[in-house]
Amino acid sequence: MPNPIIENERLSGARNYDPLPVVLVRGEGVFVWDDAGNRYIDMMSAYSAVSHGHCHPVLVKVLQEQAAKLAIVSRAFYTDKLGAFLNLACELTGFARALPMNTGAEAVETALKAARKWAYTVKGVAKDKAEIIACAGNFHGRTITIVGLSTIPQYRAGFGPFPEGLKVIPYGDPLELEKAITPHTAAFLVEPLQGEGGIIVPRAGYLKACADICKKHNVLMICDEIQTGLGRTGKLLAYQHEDIQPDGIVLGKALGGGLLPVSLFLSRKEVMDVFTPGDHGSTFGGNPLAAAVGKAALEILFRENLIERAATMGKYFQEQLRTLHSSLIKEVRGKGLLIGLEVNDSYSAHELCLKLLKHGILTKETHQTVIRFAPPLIIEKEQIDTVIHALREVFVEAEKELA
Ligand code: PLP
């Protein structure tokens, strides 16, 4: 029987998503509950936005108290919350400057605008010639400029024309970067590990080689840490698995503590200082509610050792996934608690996710063949064991169907 809540949403909602047939009504920690009272382990955590767990009590308290005191004012005025948030973000990441936005895509746009203006005003690139280089398989968001960098046909089809000065190179090969750089190149935008692209981990040394090439050619290296940052891969920032210092990063998702959209572009002083009043902004970016929650979200990462937890639980989870030994599994890969399980073509990853749903595990496939596991970083060993148990059963069921 069709669920009336689903039917109701479909009545007037745009069809730009295709959700699994489950209606969630409550969340707590790693768990969510549906409208019939069934409990699930959330292995998606809102595409990594719920790293702290659903409705973290400290974050909810900060949100409630700040909402009751002062939530939003125009950036035409100072508030007592923004400075403390930005200072902490800079102190923790080692960048000199931070610019607050809301969604990830807005922070990426901010980074690209900063890079272009830096190219004209500091590097000396000729007017309207600045180029941005990104990688095939990237995911940086959904604005027109950003999908102009995408190599996924569906993300682009019907949305052109795209801005000029966007180049795409294969991911994982530093020589391709060196070949693509011209005197007009402003920035190289890269995910330290591609999340939406299918949990693609580049070989060790890739980021270091890219950083050296960018330095040699006076090109900004900007790491998109929206999904990989804030502990997800077992380091505060995923680029820290290598000894590099990019010129800028973008953060989002978990920065909002699973409660609000909060994003940041962080960079060296020379890059951010290209912005002057009126160049760029956002009505909601840096509002006191977001700043209070963002600061608390950063503090909790350290207070609750979530970064170390991602490293140890991620290692345990990957080890357990490797014990599954199903003929349907092609590869297990990832870092920390950002893990992909790739199945071979004989069975659809989407069908496996539907089966997992029935076993009380919520996740979704990416790129048809990869099942993504990105649970809240607070996940416990026993909960991982429950997921592994469910996976074992689901693979046996699927193998039987194929036999
Ligand atoms: N960059 C990366 C690496 C992402 O994974 C995402 C979202 O999945 C984005 C940017 C876009 O973030 P948002 O959906 O908040 O605009």
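Couplings 3J(HN,Hα) for the stretch 302-310, derived from phi with the Karplus relation 6.51 cos²θ - 1.76 cosθ + 1.60 (θ = phi - 60°), are 7, 4, 9, 6, 5, 5, 5, 4, 4 Hz, where x marks Gly and Pro.
Bridging of residue 315 to aspartates and glutamates at a Cα separation below 20 Å is possible for 42, 242, 304, 331, 342, 380, 382, 385, once same-chain residues fewer than 8 apart are set aside.
When all alpha-carbon pairs of the chain are counted, what percent fall beyond 30 Å?
Value for the chain (Cα pairs over 30 Å): 42 percent.
If you rank 377, 177, 357, 112 by fewest surrounding Cβ atoms within 10 Å, what's the result?
So the residues, fewest neighbours to most, are 357, 177, 112, 377.
Sorted from largest to smallest, which semi-axis lengths in Å does the alpha carbon gyration tensor of the stretch 1-133 give for its equivalent ellipsoid, taking the root of 5 times each eigenvalue?
In descending order, the three semi-axes are 38, 24, 15 Å.
Look at the alpha carbon pairs under 8 Å that are at least 6 residues apart: their mean separation over the length of the stretch 1-99 gives a relative contact order of 14 percent. Output the antiparallel fraction of DSSP beta bridges having both residues in the chain, as a percent to the nearest 5. Of the beta bridges lying entirely in the chain, close to 65 percent run antiparallel. Sorting 5-13, 331-339, 151-159 by average packing, meaning the other beta carbons within 10 Å per residue, from highest down gives 331-339, 151-159, 5-13.
Each Lys and Arg adds +1 at its Cβ and each Asp and Glu adds -1 at its Cβ; summed about the Cα centre, the stretch 57-303 shows a dipole of about 240 debye. Farthest toward the positive end of the dipole of the chain, out of 71, 339, 217, is the Cα of 217, where the dipole comes from beta carbon charges about the Cα centre. Distances between placed amide hydrogens fall under 5 Å for residue 54 paired with 28, 29, 30, 31, all partners being 5 or more residues away or on another chain.
Among DSSP bridges having both ends in the stretch 179-331, what percentage is antiparallel? Round to the nearest 5. Please list the in-between numbers first.
Values: 5 of 12 bridges.
Bridges in the stretch 179-331 that DSSP calls antiparallel: roughly 40 percent.
Neighbour counts of C-beta atoms inside 10 Å place 217, 325, 241 in the sequence 325, 217, 241, starting with the fewest. For residue 167, a cut-off of 17 angstrom between C-alpha atoms picks up these aspartates and glutamates, skipping any fewer than 8 places away in its own chain: 109, 128, 131, 176, 178, 191, 224. Backbone N atoms of the stretch 48-68 closer than 19 Å to the 7 Å Cα→Cβ label point of residue 381 are not found in any residue.
Above 15 Å, the calculated P(r) of the stretch 305-396 contains 56 percent of its Cα-Cα pairs. For the stretch 276-318, what is the charge dipole size about the Cα centre, in debye to the nearest 20, if Lys and Arg each add +1 at the Cβ and Asp and Glu each add -1 at the Cβ? The dipole of the stretch 276-318 has a size of about 160 debye. Packing, taken as the mean count of other beta carbons within 10 Å per residue, orders the peptides 50-62, 14-26 from highest to lowest as 50-62, 14-26. With each label modelled as a point 7 angstrom along the Cα→C-beta vector, the residue 35-residue 159 pair spans 3.0 nm. Close amide H pairs (under 5 Å, H built 1.01 Å from N) link residue 262 with 253, 256, residues at least 5 positions away or on another chain. Annotation for residue 151 and residue 90: the two label points, set 7 Å from Cα along the Cα-Cβ direction, are 3.7 nm apart. Rounded to 0.05, the FRET efficiency of the residue 144 and residue 218 pair, given R0 = 35 Å and the Cβ-Cβ distance, is 0.80.
Note on residue 302 and residue 279: the extension gain reaches 4.8 nm, defined as 0.36 nm multiplied by sequence separation minus the Cα-Cα distance.
Between residue 331 and residue 78, the C-beta separation translates, for a Förster distance of 41 Å, into a calculated FRET efficiency of about 0.20. Helix 349-358 and the longest principal axis of the Cα set of the chain meet at an angle near 60°.
Between residue 65 and residue 26, residue separation times 0.36 nm minus the direct Cα-Cα distance comes to 11.9 nm. Placing unit charges on each Cβ (+1 for Lys and Arg, -1 for Asp and Glu) gives the chain a dipole about its Cα centre, and among 251, 147, 82 the Cα reaching farthest toward its positive end belongs to 82. The stretch between residue 128 and residue 346, if pulled fully straight at 0.36 nm per residue, gains 73.6 nm over its current Cα-Cα span. Relative to the longest principal axis of the Cα atoms of the chain, the long axis of helix 57-69 lies at roughly 50 degrees. Considering only 186, 54, 396, and ranking their Cα positions along the charge dipole of the chain that arises from unit charges at the beta-carbon of Lys, Arg, Asp and Glu, the one farthest toward the positive end is 186. For the residue pairs 179/330; 235/381; 330/381, alpha carbon separations beyond 29 Å are given by 179/330. Over the stretch 172-232, the pair-distance histogram of Cα-Cα distances with 10 Å bins from zero comes to 22, 52, 24, 2 percent, rounded to whole numbers. Highest-first packing order for the peptide set 387-393, 32-38 is 387-393, 32-38, based on the mean count of other beta carbon atoms within 10 Å.
Each value in this text was obtained by applying a stated rule to the coordinates, not by laboratory testing. Please read all numbers here as calculations on a predicted model, not as lab measurements. For neighbour counting, all protein chains shown are included, and Cβ atoms are generated from backbone atoms with ideal geometry for every residue, glycine included.
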